[in-house]
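Trainee: One structure is given below, represented as structure tokens, and several questions about it will come after.
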Amino acid sequence: MKKRKLVVLLGSLLFLLLLGGCSKSNAANEKVTIYTNADEEPVEVIKNVLDKNGYKGKYTLQSFGTSELGGKLLAEGKNIEADLVTMSTFYLNSAQKKEKMFKKLDLSVDSLTKIPDYTAPFTVQEGTIFYNTDVLNELKLPVPTSLKDLADTKYKDAISISDIKQSSTAWLLFQGLVDSYGEAEAKTILKGIYKNAGDHLESSGSGPLKKVRLGEVAIGFGLRHQAVKDKQDGLPIDFVEPSEGTYTLTESLAVVDKGEKTNPEAEKMLNLILEKGRKDLLKIYPSALYEGETVNSEQVAKDQKVFPDELTAELLEKHQKLVD
């Protein structure tokens, strides 16, 4: 009887070991699911890097708006379908504090600054004022030189911004105003800006530039790198760095920690994107993040700033209430 029990016990242990081995093997063989809030240009970089380095057909990539993906991270935690995410760093920080959902990373590149061990900075987003030179001349309007200028009544119906409740790009505008003038005055300035924007309040960060390109409005606030590219491409687009400074947000890569079900290929893909993709990303977002990276100084904002308080989803929600 004792021998029979011992055989049954050993058999059960062997079954459990095999089951665990199969689980890990299955995780490694499954496609990596990538969730991203990134713009079209960095998404193309990700796809090109993965496809050219042995991962074609081995991943699925799904794009979301920043608020939508942030909501999924905070609500679903480790139960989220994604294995690998690229997302605004502040949302990753808030999700990690709430859910402890991201894996400690072993990066193959060295960051220039101290970063949390679960994030890998991917891009730096800069906010700036841009304008259509032709339309501005037609309307006989001066070039605004500050974020505060956008509240001037002479710009009524001539500007477009994105909605902070749908796009993190808008938060760069809010950060500049709050940091420079305090919350009370920023609220007053924002009231004027929103009144001037009227129906030209956009859901996406790239929406204002699209309207400025088409000449529907003369001036917009959005991502600096997109305006720089338009100018380089010969479009009648120019930009001005606000006197308050050029505020920034980082977006980072992270691997969802699913225990034994964590797909090991996700971290390999993450490091591959950093090793092979950063060169192309620097052409779009000219801010060095890792040792050995160099950028054209003419493309870098001269007064790049970071909001002094820690950026979190909770702080974003607080700033959103400035326009309620």
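Trainee: Asp152 to Lys261: FRET efficiency via 1/(1 + (r/R0)^6), r the Cβ-Cβ distance, R0 45 Å, to the nearest 0.05?
Mentor: Details: r = 55 Å, r/R0 = 1.23.
The value I calculate is 0.20.
Trainee: Also, I was wondering about something else. Can you pull the one-decimal nm distance between simple spin-label points at Glu310 and Ala75, each 7 Å off the Cα toward Cβ?
Mentor: Label-label distance for Glu310 and Ala75, simple model: 2.6 nm.
Trainee: Once R0 is set to 41 Å, what does the formula 1/(1 + (r/R0)^6) return for the Cβ-Cβ distance between Lys231 and Asp324, expressed as a FRET efficiency to the nearest 0.05? Present the calculation step by step, with values, prior to reporting the outcome.
Mentor: Numbers: r = 35 Å, r/R0 = 0.86.
In this case the efficiency is close to 0.70.
Trainee: Give the shape of the range 174-231 as rounded, prolate or oblate, defined through the alpha-carbon gyration tensor: a ≥ b ≥ c are the square roots of its eigenvalues, a/c under 1.5 means rounded, and otherwise the shape is prolate if a/b is larger than b/c and oblate if not. Spell out each step's value before the answer.
Mentor: Details: a/c = 2.79, a/b = 1.61, b/c = 1.73.
Here the range 174-231 falls in the oblate category.
Trainee: Could you check the spin-label model distance between Val295 and Asp134? Points 7 Å from the Cα along Cα→Cβ, value in nm.
Mentor: 3.1
Trainee: Divide by every residue of the chain the summed helix terms, -39500 (n - 2.57) for each DSSP H run of at least 4, and state the resulting mean residue ellipticity at 222 nm, rounded to the nearest 500 deg cm²/dmol. Kindly include the intermediate steps, with their values, before the conclusion.
Mentor: Working: 10 runs with 144 residues, N = 324.
My calculation for the chain gives -14500 deg cm²/dmol from helical runs alone.
Trainee: Sorted by average packing, counted as other Cβ atoms within 10 angstrom per residue and highest first, what order do 140-152, 310-322 take? Write out the running numbers ahead of the final one.
Mentor: Values: 140-152: 17.8, 310-322: 15.8.
Top to bottom by mean Cβ count within 10 Å: 140-152, 310-322.
Trainee: Take the alpha carbon gyration tensor of the range 128-277, find the square roots of its eigenvalues, order them as a ≥ b ≥ c, and report rounded if a/c is under 1.5; if not, report prolate when a/b exceeds b/c, else oblate. List each step's numbers first, then the result.
Mentor: Numbers: a/c = 2.59, a/b = 1.76, b/c = 1.47.
Prolate.
Trainee: Pairs Lys148/Lys283; Lys97/Lys321; Lys229/Lys279; Lys97/Lys165; Lys47/Lys276; Lys78/Lys100: which exceed 19 Å Cα-Cα? Write down the numbers at each step before the final one.
Mentor: Numbers: Lys148/Lys283 30 Å; Lys97/Lys321 23 Å; Lys229/Lys279 17 Å; Lys97/Lys165 22 Å; Lys47/Lys276 11 Å; Lys78/Lys100 8 Å.
Flagged as over cut-off: Lys148/Lys283; Lys97/Lys321; Lys97/Lys165.
Trainee: In nm, to one decimal, how far is the modelled label at Ser203 from the one at Glu275, with both set 7 Å along Cα→Cβ?
Mentor: Computed distance between label sites Ser203 and Glu275 equals 4.0 nm.
Trainee: Let me ask you something else. Using 0.36 nm per residue, how much length does the chain from Ser108 to Tyr194 gain when fully extended, once their Cα-Cα distance is taken away?
Mentor: Working: separation 86, 0.36 × 86 = 30.96 nm, distance 4.45 nm.
Between Ser108 and Tyr194, full extension yields 26.5 nm more.
Trainee: Which of (1) 97, 40, 32; (2) 60, 46, 34; (3) 66, 53, 43 is the computed Cα extents along the principal axes in Å for the structure on display?
Mentor: (1)
No value in this document is a laboratory result; all are computed from the given coordinates. A quick note: this is a predicted structure, and the numbers were derived from the prediction, not measured. Methodologically, a virtual Cβ is constructed for each residue, glycine included, from the backbone with ideal geometry; neighbour enumeration extends over all protein chains shown.
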